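Please read the structure below before turning to the comments.
The values are calculated or read from the model by the stated rules, or taken from the named source; none is laboratory data. None of the values given here were measured: they were computed from a predicted structure. Reconstructed Cβ throughout: ideal geometry from the backbone, glycine too, with neighbour counts over all protein chains shown.
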Amino acid sequence: MSDTSNSGTSSGATWRNNPSAAQAYDPWLQPDLFAGVLTKRFFAFLIDLVVLSIPVVLISIFILIFGVITLGVGWLLFGLISPVAVIWALIYYGASLGGVHGATVGMRMMGIEMRTRTGDRPYFMLGAIHAILYWLSVSFLTPFIVLVGLFNARRQLLHDLILGTVFINTHADPGPLVETKRV
């Protein structure tokens, strides 16, 4: 969905270039879209941690065995685990949030998906940046990012507000997208 200007023509504006663009989902008119989203996001996060850790654990086991076979020389590869884990996480979040479903494996299992505030599906770079901002904000502001979600109607966390993203229930019927002007 793209924003329309007063003349009725499509400008293709998103959060990136038009901060006053209309909000697609109204929590007061469409409460089913946001019901239980914070709880579902928590459990989706736990599921995604398992999905992210499986390849890292498998690589670690391979390096361990390889190190035994090479009499310890292969254990030098353990230094690559952290960079590989970060790259894997960025690819995972970018591809899954920017993919067809707009959700990670955990989010799909919990029945939620990410959208831009204008109702568009996210793209790869937005998914990767969303993951980076999440991990940075959790590292420095852990209780604050959760509190932000409790005090806004769309249940957006701090990094969601910064990026202009919103999480909605996948199976809730949004009906026609309601455009409300940002004040």
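Just a few scattered comments:
- From the options 132, 168, residue that is of a type in the set (Val, Ile, Thr) and in a helix (DSSP H, G or I): 132
- Test result for residue 95, under 16 Å from the mean Cα position of the chain (by Cα) and surrounded by fewer than 14 Cβ atoms within 10 Å (Cβ to Cβ): yes
- Subset tally (residues that are farther than 17 Å from residue 135 by Cβ, β-branched (Val, Ile, Thr) and at pLDDT 90 or above) for the range 163-183: 3
- Cβ-Cβ under 9 Å pairs, at least 6 apart or on other chains, the range 74-103 side in contact (Cβ under 8 Å) with a residue 12 or more places away in the chain, far side hydroxyl-bearing (Ser, Thr, Tyr) and not in a loop (DSSP other than H, G, I, E, B): 78/60; 81/60; 85/53; 93/134; 97/165; 102/96; 103/96
- Number of the exception - residue 107 against (1) of a type outside the set (Lys, Arg); (2) within 24 Å of residue 143 (Cα to Cα); (3) free of Cβ contacts under 8 Å to residues at least 12 places away in the same chain: (3)
- Applying a threshold of 7 Å to beta carbon distances and a minimum spacing of six or more residues, or different chains, the list of pairs starting in the range 56-69 at a residue that is within 20 Å of residue 88 (Cβ to Cβ) and ending at one that is β-branched (Val, Ile, Thr) reads 56/81; 59/81; 59/84; 60/81.
- Residue that is modelled with the lowest pLDDT [pool: residues in the range 143-162 that are over 16 Å from residue 37 (Cβ atoms) and touching a helix residue (DSSP H, G or I) at 6+ places or on another chain (Cβ under 7 Å)]: 144
- Exclusive hit being under 23 Å from residue 153 (Cβ atoms), charged (D, E, K, R), crowded, with 16+ Cβ neighbours inside 10 Å and touching a residue at least 60 places away in the same chain (Cβ under 8 Å), set 120, 32: 120
- Test result for residue 100, surrounded by fewer than 18 Cβ atoms within 10 Å (Cβ to Cβ), β-branched (Val, Ile, Thr), more than 13 Å from the chain's Cα centre (by Cα) and more than 26 Å from residue 27 (Cα to Cα): no
- Scanning the range 123-163 for residues that are touching a Pro at 6+ places or on another chain (Cβ under 6 Å) and surrounded by 18 or more Cβ atoms within 10 Å (Cβ to Cβ) gives a single hit, 154.
- Residues of the range 102-119 classified as in contact with a strand residue (DSSP E or B) (Cβ under 7 Å, 6 or more places away or on another chain) and within 16 Å of residue 40 (Cα to Cα), total: 8
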